[in-house]
Structure formats: structure tokens, C-alpha cells
Amino acid sequence: MGMITVIGNLKGGSGKSTVAFNLAVWLAWHKRKVSVLDLDPQKTLTDLIELRQEEDYEPPIAMLPSDMPLDKLKDEEGDVLIDVGVANLPGMFTAISQADRVLIPVVPGQADVWSTQRFLGMIASHRPPKCEVLMFLNRTDALGGSKETKEASAAIAMLKSASVLPTRLSQRIWLCRSLSEGLAVFELSPNEKASHEFLGLAKALYPKIKAKQPWK
């Protein structure tokens, strides 16, 4: 049975499109039926999927039309990953009302923690009772020991309306390089630290999937 996961945050630059793209490719690599829906007006996820299609990479990633009736999301087969931004508030709230879980990437920094807290308040009345809300630190320093990372980790742990995943993603050059080629990070550089960090996130979100190794 598939799961609807909304990936969003109030503040831009949190890396949600990058996470959505890499998760979609990871699920497809594991023979899961997966589709993505880009509800962010910036359309970064759309650009990534189209680049992948142009390069004819396998496995392909299916995209749902952005104008589809969102109250029909549960009719979709397989896993659905939705990239949402607050520039499309009606779409964001409707998507969350259909979601099984909301995934919130949080960049270390006081402003990002404040915006995450506000985002949790905004979505509280729209999420279904059984909808899980998860947070994780994204774009941290490479070693994860900076003052900002430590303070953000402590701060989001105090936000009781959501759970904090133990895994983190660092700001690594391999993530940027992979996106510019239409590839997931584990496809471009399977042995790099960035790939191992992402694998930790994917396994935390989909613990029942036996991770395929090697990637290539």
C-alpha cells in the first residue's frame, strides 16, 4: 500500500525539492510505484524530473498534473511525494488534508526554527488525525558540530507537535552536482558521504524497504 508524503516548509531554501526528487528516485530504484506532484510555483521539482526525462535516465519518475483535483490523491496507486510551498497556500492545505505524513526539512538557524514553528501551527487544523509530522535537519555543516546545528537540533526537539528524525543531511557538493545532471545523489556518487546520509533518511522514512546495494 502506498503512502502520501507532503514535503514542505514555510521558509524557502529548506531543500524540500531536492529531498522529494531523491526520495522519488530511491523508491523507483526499489521497484515501488511512485509519482510526484509539484505544487510549488518555483517548479524546481518539475525541472529536475524533466531534466531526468531529457537525459533518458532509468528508472523514470512519473509526474502528476499540477492541476489535478487534490481531493483525489488517495485514488492514486503507489507512493505519492508532494512538493509544496506557502506561495500556494490553498494547494498546500488541501494536499496536507489528504496526507499520511508531512516531512519538514529544517535548515539550522534561528529564523528557520521560528518559521518551522509557525508552519506547524498553520497546518495543525488541516492535517488528518492520523497524519504523522516529521522534521529533520537539512543542509547542516559537514561535521554537524557547529553552534547553529546544535542549537537548531535542541530547538526543534522542543516542538512537540512533530517528531524529529535522527538522521541529518549535510550541505555537500555532491548533492548539487547530482541535481545538475538529473540524477539522485546515490546514482552519481554512491560511495560519497552525501549518499550514505541520504540512505539513512530514506531508510528512516521507509523502514520496511530492504535497501538495494550496490546502486549501480
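The values are calculated or read from the model by the stated rules, or taken from the named source; none is laboratory data. Remember, predicted model here, so these are calculated numbers, not experimental data. Virtual Cβ from ideal backbone geometry, glycine too; neighbours counted across all protein chains shown.
Values computed for the structure shown
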{"item": "Qualifying residue in the range 155-175 (condition: touching a Ser or Thr at 6+ places or on another chain (Cβ under 9 Å), without any contact (Cβ under 8 Å) to a residue 40 or more places away in the chain and assigned to a loop (DSSP other than H, G, I, E, B))", "result": "yes"}
{"item": "Single unsatisfied condition, CYS131 versus (1) modelled with pLDDT under 95; (2) surrounded by fewer than 20 Cβ atoms within 10 Å (Cβ to Cβ); (3) within 29 Å of LYS31 (Cα to Cα)", "result": "(1)"}
{"item": "Sole exception among (1) crowded, with 17+ Cβ neighbours inside 10 Å; (2) at pLDDT below 95; (3) closer than 22 Å to LYS203 by Cα for ASP40, by number", "result": "(3)"}
{"item": "Odd one out for GLN171, checked against (1) of a type outside the set (Asp, Glu); (2) within 17 Å of the chain's Cα centre (by Cα); (3) surrounded by 17 or more Cβ atoms within 10 Å (Cβ to Cβ)", "result": "(3)"}
{"item": "Scan of the range 183-195 for residues that are more than 16 Å from the chain's Cα centre (by Cα) and either modelled with pLDDT of 95 or more or not small (Gly, Ala, Ser) (or both), ordered by number", "result": "GLU187, LEU188, PRO190, ASN191, GLU192, LYS193"}
{"item": "Selection within the range 33-63 - of a type in the set (A, V, I, L, M) and farther than 15 Å from SER17 by Cβ", "result": "VAL34, ALA62"}
{"item": "Total residues in the range 45-64, condition surrounded by fewer than 19 Cβ atoms within 10 Å (Cβ to Cβ) and under 17 Å from GLY8 (Cβ atoms)", "result": "2"}
{"item": "Residue check, ILE156 within 20 Å of PHE198 (Cβ to Cβ) and modelled with pLDDT of 95 or more", "result": "yes"}
{"item": "Conditions (1) within 20 Å of PRO190 (Cβ to Cβ); (2) part of a loop (DSSP other than H, G, I, E, B): number failed by PHE21", "result": "(2)"}
